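Participant: Sharing a structure here in structure tokens format.
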Amino acid sequence: EMSEELIDEVCVDFENAEPCTTTSIGLLGRDGWEPTLAVQLVQHGGVRAEVANHLAQAYGGRAWDVLALARPTGKRYPRFGIPLAEGYPYVEAEVRYACREHAVTIEDILSRRTRLAFLNAEAA
């Protein structure tokens, strides 16, 4: 709401400016998100709870799209979601998904898409 108020204040000086609509525009991932999404990802997607929570928070309803790109772990549990680094919820499917979103460099993926490079440069 702060950004909307700022834009509205700045636009007062411009002729024909319309009020900002930021708070009425939905974010990507809102469709398909629900409070139990992480539980559904564990139960039906076969990922660890930490991974499910991360995917639900980071991707919202698009978490299913990310999970569809996950490769089998070869284990009984978790069935999907090969970790990028031990101790972190980031999985290999996120790299494939980022590439589909036009991520070009490994730095982009590890720094901006997963934040792993900021959290632990050695793990990245």
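Values quoted throughout were computed directly from the atomic coordinates according to the rules given, and no laboratory measurement underlies them. For clarity, every value in this text was computed on a predicted model and none was experimentally measured. Please note: Cβ atoms are built from the backbone with ideal geometry, for glycine as well, and neighbour counts cover all protein chains shown.
Participant: What are the GluC sites (Glu not before Pro) within the stretch 38-94 that DSSP puts in a loop, where the Cβ has at most 16 other Cβ atoms within 10 Å?
Facilitator: Hits after loop and neighbour filter: E86.
Participant: Between V91 and residues 5 or more places away or on another chain, which pairs have amide H atoms under 5 Å apart, with H built 1.01 Å from N, and which residues are they?
Facilitator: L84
Participant: Alpha carbon centre of the stretch 62-77 versus the stretch 7-28: separation in Å?
Facilitator: Computed from Cα coordinates, the inter-centre distance equals 40 Å.
Participant: Considering Cα pairs under 8 angstrom that are at least six residues apart, work out the relative contact order of the chain and quote it in whole percent.
Facilitator: Dividing the mean separation by the residue count of the chain yields 16 percent.
Participant: Here is a further query. Go through the stretch 31-112 and name the chymotrypsin sites (Phe, Trp or Tyr not before Pro) that are in a DSSP coil and have 10 or fewer other Cβ atoms within 10 Å of their Cβ. Before the final figure, lay out each step's value.
Facilitator: Details: sites: W33, Y59, W64, F80, Y90, Y97; in loops: W33, Y90.
Listed in order of number, the matching sites amount to none.
Participant: Which residue, G45, G29, G87, tops the fluctuation ranking in a GNM of the chain built on C-alpha contacts under 10 Å?
Facilitator: G87
Participant: Additional query: What residue among L69, L28, L41 has the largest mean-square fluctuation in a Gaussian network model of the chain, using Cα springs under 10 Å?
Facilitator: Maximum fluctuation in the GNM of the chain, among the listed residues, is at L28.
Participant: If I model a spin label at A85 and E101 as a point 7 Å from the Cα along the Cα→Cβ vector, what separation in nanometres do I get?
Facilitator: With each label point 7 Å from Cα toward Cβ, the separation is 1.9 nm.
Participant: Need one word for the stretch 55-124: rounded, prolate or oblate. Basis is the Cα gyration tensor (sqrt eigenvalues a ≥ b ≥ c); a/c below 1.5 gives rounded, then a/b vs b/c decides.
Facilitator: oblate
Participant: Then there's this: Specify the residue with the greatest mean-square fluctuation among T23, T114, T105, computed from a Gaussian network of the chain linking alpha-carbon atoms under 10 Å apart.
Facilitator: T23
Participant: Return the long-range amide H neighbours of T73 (sequence gap of 5 or more, or a different chain), with a cut-off of under 5 Å between placed amide H atoms.
Facilitator: F80, G81
Participant: Separate question: Test of understanding: given the chain, find the longest segment containing no trypsin sites (Lys or Arg not before Pro) that are in a DSSP loop and have at most 16 other Cβ atoms within 10 Å. Before the final figure, lay out the partial values.
Facilitator: Details: sites that count: R30, K75, R76, R79, R115.
Of all site-free stretches, the longest is 31-74.
Participant: Pick out the long, greasy-scoring helices in the chain: whole DSSP H runs spanning 18 Å or more along their own axis by Cα, mean Kyte-Doolittle at least 1.6.
Facilitator: On the way: long enough: none.
In the chain, no H run is both long and hydrophobic enough.
Participant: Would you calculate a helix-derived [θ] at 222 nm for the chain, using -39,500 (n - 2.57) for each DSSP H run of n ≥ 4 and dividing by the full residue count, to the nearest 500?
Facilitator: The per-residue figure over the chain is -10500 deg cm²/dmol.
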